Amino acid sequence: MGAIVRQSGLPPEYFERYDESDDRLFYLYPRLTAHIDELACCAVTQLIREELPNGGCLLDLMSSYVSHLPTDIPLTRVVGLGLNEEELRLNRQLHEYVIHDLNENPQLPFADATFDGVICTVSVQYMTRPVEVFADVARILKPGGPFIVTFSNRCFPSKAVRVWLATNDRQHMELVRYYFELAGGFEQIRCLDRSPHHWLSDPLYAVVGRRVV
C-alpha cells in the first residue's frame, strides 16, 4: 500500500480483494453497458448538472463508454481516464482519453490545477489506494472545483475492496467522506442520498467535496 494509506490509520487489509490479478486483464474486454439502471443514471446526470460549473475542463475518472454528463452544460474539454480503450473510444462525450491504472499508479498524468471538475461514477469501490488518488485529484483541480463521487449498491465483488464489501450503503458514504478528509485539500464535503425511487430503482449515493480555495 502507498505511504498515505499506511499513515491514515486504515489497515492495508481493508483494501485487499478476492481477485488480486492484474486489473488490466479484468478490463481487457469492453462492457458496453451502464452499471446502474436508467433512473439512477438520470440521478447521476442531475447531480453533475447541479455541481459542475458551466464551461471549462472535466475529468471523468475511471471512465467507461458512457459518462452521464448533462447535454445542457457546455464543456470545453472532457477527458476520460480508464482501463478499456474500446469503451473510452466509444464514449461520445469524451474529447480525449487516457489509459491509466490508478491501482498501480495513483499519480494522475495531468498538471496541477488543470480541471474545473472531476467525477468518479460507480467506481470508487475498486480503488485500492483511494486516499492517494483523492489527494492527487485535489492537486489537479482548480480552487473551488468539485470532485463528485457517486456509487450504488452494485459492484463486481471480486474486484471491490474488502472494506466496501463489509459495509452497507450508509457506511459507504462515511467511508468515502473519510477518503476526502484523509486526502486533504477539500472543503464543503457533503454526503448525499440521491436515490431516485426507493425499492423501484437502484439507489444512488454521492459524496461531493470542493478543492480548497
Conditions (1) surrounded by 14 or more Cβ atoms within 10 Å (Cβ to Cβ); (2) within 24 Å of LEU75 (Cα to Cα): number failed by GLU132: (2)
Selection count where residues are under 18 Å from PRO203 (Cβ atoms) and either part of a strand (DSSP E or B) or of a type in the set (D, E, K, R) (or both), scope the stretch 120-156: 7
Members of the stretch 140-154 that are on the phi < 0 side of the Ramachandran plot and open to solvent by less than 60 Å² (accessible area, probe 1.4 Å): ILE140, LEU141, GLY145, PRO146, PHE147, ILE148, VAL149, THR150, PHE151, SER152
Condition check for ALA160: open to solvent by less than 10 Å² (accessible area, probe 1.4 Å) and assigned to a loop (DSSP other than H, G, I, E, B): yes
Output for the stretch 66-111, where each listed residue is of a type in the set (Asp, Glu), over 20 Å from LEU52 (Cβ atoms) and in a loop (DSSP other than H, G, I, E, B): ASP101, GLU104
Qualifying positions in the stretch 51-65 - in a strand (DSSP E or B) and either under 14 Å from LYS142 (Cα atoms) or touching a Gly at 6+ places or on another chain (Cβ under 8 Å) (or both): CYS57, LEU58, LEU59, ASP60
Filter result (surrounded by fewer than 15 Cβ atoms within 10 Å (Cβ to Cβ) and assigned to a helix (DSSP H, G or I)) within the stretch 163-182: LEU165, ASP169, ARG170, GLN171, GLU174, GLU181
Single residue of the stretch 162-213 satisfying the filter (aliphatic (A, V, I, L, M) and out of contact with any Phe, Trp or Tyr (no Cβ under 9 Å at 6 or more places or on another chain)) that is nearest to PHE151 (Cα to Cα): LEU200
Residue within the stretch 192-206 that is assigned to a strand (DSSP E or B), open to solvent by 40 Å² or more (accessible area, probe 1.4 Å) and free of Cβ contacts under 8 Å to residues at least 24 places away in the same chain present: yes
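How many residues does the stretch 88-116 hold that are touching a residue at least 60 places away in the same chain (Cβ under 8 Å), buried (at least 16 other Cβ atoms within 10 Å of the Cβ) and within 19 Å of MET127 (Cα to Cα)?
2
The values are calculated or read from the model by the stated rules, or taken from the named source; none is laboratory data. All values derive from a computational prediction rather than experimental measurement. Neighbour counts are summed over all protein chains in view; Cβ atoms, including those assigned to glycine, are modelled from backbone coordinates with ideal geometry. Protein only, heavy atoms only, side chains kept; ligands, DNA and RNA dropped before computing areas. Shrake-Rupley method; radii C 1.70, N 1.55, O 1.52, S 1.80 Å.
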